[in-house]
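See below for the structure under consideration.
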Amino acid sequence: SSLAFRYGYWNFYNPFWTAPAVQPVVYLNYSQPVAAPPPQWDAGSGNQAAPPPERTVNEQAMARLDQAQTAFRNRNYADAQRQVEAALALAPQEPVFHEFRALVLFARGQFADAAAALYSVLAVHPGWDWTTMSSFYADIDDYQRQFQALTAARDTNPSAANLQFLYAYHCLTAGKTEQAK
């Protein structure tokens, strides 16, 4: 729960995050959970108040995310990464943007970075289902090839926890619970 981290009930540790040699960009620092907006509380009762009006994400950020998704569908993963990172610069608290970035990193074979991003996202956000994830692919065979590359990397290095974590995440997302175990 993001509340537990935000209010100091639990310490957060991302075992997959490795600080880069240069100071990381604040919104790409996965040593902490993705900073989701705080909930609104009714101080009088201690209960969560009625949901606030729909938050609007910066229109520029949404446009960048749309461009990232288009680039991704066209297999231009480098441009997809540039575009989603530009969207994150404008809307750094959007867990979905971070999860999409993790998918781009996965597609590019940057499994360690994908695992670090996902770990921080999943600490505060439930993650996608298969319908959502598969919708980003124009050809699901592209996903299958990327998943096979992850499986090969995991099989080559079975003690790499980040590869096991990323593999389990993709299995769970695809509804393959037994494989995820």
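The values are calculated or read from the model by the stated rules, or taken from the named source; none is laboratory data. In this text the structure is predicted, and so the values were computed from the model without any measurement. Glycine also receives a Cβ, built like all others from the backbone with ideal geometry; neighbour counts cover every protein chain displayed. Ligands, DNA and RNA are stripped out before the accessible areas are found, and what is left, the full protein with its side chains, is counted by its heavy atoms. Shrake-Rupley method; radii C 1.70, N 1.55, O 1.52, S 1.80 Å.
What to note about this one:
- When the range 76-94 is filtered for residues that are of a type outside the set (D, E, K, R) and in a loop (DSSP other than H, G, I, E, B), the ones remaining, listed by number, are N76, A91, P92, Q93.
- Which numbered condition G127 misses (of (1) within 12 Å of the chain's Cα centre (by Cα); (2) on the phi < 0 side of the Ramachandran plot): (2)
- Number of residues in the range 76-99 that are hydrophobic (A, V, I, L, M, F, W, C), surrounded by fewer than 21 Cβ atoms within 10 Å (Cβ to Cβ) and either in contact with a helix residue (DSSP H, G or I) (Cβ under 6 Å, 6 or more places away or on another chain) or without any contact (Cβ under 8 Å) to a residue 40 or more places away in the chain (or both) equals 5.
- Scanning the range 63-75 for residues that are surrounded by 21 or more Cβ atoms within 10 Å (Cβ to Cβ) and either in contact (Cβ under 8 Å) with a residue 60 or more places away in the chain or part of a loop (DSSP other than H, G, I, E, B) (or both) yields one hit, F72.
- Residue identified as of a type outside the set (V, I, T), in contact (Cβ under 8 Å) with a residue 12 or more places away in the chain, within 25 Å of T70 (Cα to Cα) and open to solvent by 60 Å² or more (accessible area, probe 1.4 Å) among A102, A138, A116, A112: A138
- Tally, over the range 155-181, of residues that are surrounded by 15 or more Cβ atoms within 10 Å (Cβ to Cβ) and within 19 Å of the chain's Cα centre (by Cα): 14
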